[in-house]
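First up is the structure itself, then whatever we jot down about it.
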Amino acid sequence: MEEQPQQKKNILEIIKSNLKIIIIILSLLITVLIAFSWVKYASDTKKTSLSESFVDAKILLSQKNPKQALEVLKKIIEKKDSTYSVLSLYLVIDQDLVSDNNEILKYFDEVLSINALSNEDHNLIKLKKAIFLSSDAKEEDLLDLLNPIINSESVWRAQSIKLLADYYFYLKEYNKAEQYYSKLLVLENTNIDMREIRNRIKASKK
């Protein structure tokens, strides 16, 4: 019976002797929790603000105020948000708000530098940049953008292969076009019209 009081006494002595360490650890845990909560709150607040700005830009477009809408969208792009900066870039392109291609390419580079992008989102943006460039792009620029996707297991692999194949086909570089079209024939579940691909291969051999 005497052992229990002695054990309690020993435990109390251990707690007292380590009280400072325990207080420091608890303080650190509380600080981390507060910091985490603040970061999440700040992130949510930023997201809400960007969402509202994006809606404002769309309203301005509906009111035939493209210049004002563009200014709002440019500010959103500069924030490098993985959702609304990307959507803003797409809206700028879809609505043809900028005539200077170099400016659009600058926006693409800003969006591609967003660290929070998932790998597949990053690949999709690179593919869209390649599509944007494809009408007058240098071959090496397209290859730099698309080869990393083509040489991966990305869900955008087939579309990247087809873009390069079409690029060479319209340049009448039929050997290169056939090389890429042939890659598509062995892929599964691509949602690409394989009959069209076979017709292109036949046409490139004439």
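The values are calculated or read from the model by the stated rules, or taken from the named source; none is laboratory data. All values derive from a computational prediction rather than experimental measurement. Cβ atoms come from the backbone with ideal geometry, glycine included; neighbour counts cover every protein chain shown.
Yes or no, residue by residue, for (1) assigned to a helix (DSSP H, G or I); (2) in contact with a Gly (Cβ under 9 Å, 6 or more places away or on another chain); (3) under 17 Å from Lys138 (Cα atoms); (4) not aromatic (Phe, Trp, Tyr):
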| residue | (1), (2), (3), (4) |
| --- | --- |
| Ser152 | no, no, no, yes |
| Gln159 | yes, no, no, yes |
| Leu163 | yes, no, yes, yes |
| Gln179 | yes, no, no, yes |
| Leu184 | yes, no, no, yes |
| Ile192 | no, no, no, yes |
### Query
Pick from the range 116-170 the residues that are surrounded by 17 or more Cβ atoms within 10 Å (Cβ to Cβ) and of a type in the set (Phe, Trp, Tyr): which of them is nearest to the chain's Cα centre (by Cα)?
Trp156
### Query
Regarding Ala177, is this residue outside the structural domain of Val86 (by TED's automatic domain parsing), more than 24 Å from Ser88 (Cα to Cα) and touching a Leu at 6+ places or on another chain (Cβ under 9 Å)?
yes
### Lone qualifier among Leu89, Leu145, Leu73 - being within 15 Å of Tyr167 (Cβ to Cβ), assigned to a helix (DSSP H, G or I) and touching a Leu at 6+ places or on another chain (Cβ under 9 Å)
Leu145
### Summary
Going through (1) basic (Lys, Arg); (2) touching a residue at least 24 places away in the same chain (Cβ under 8 Å); (3) at positive phi one by one, Lys162 fails only at (3)
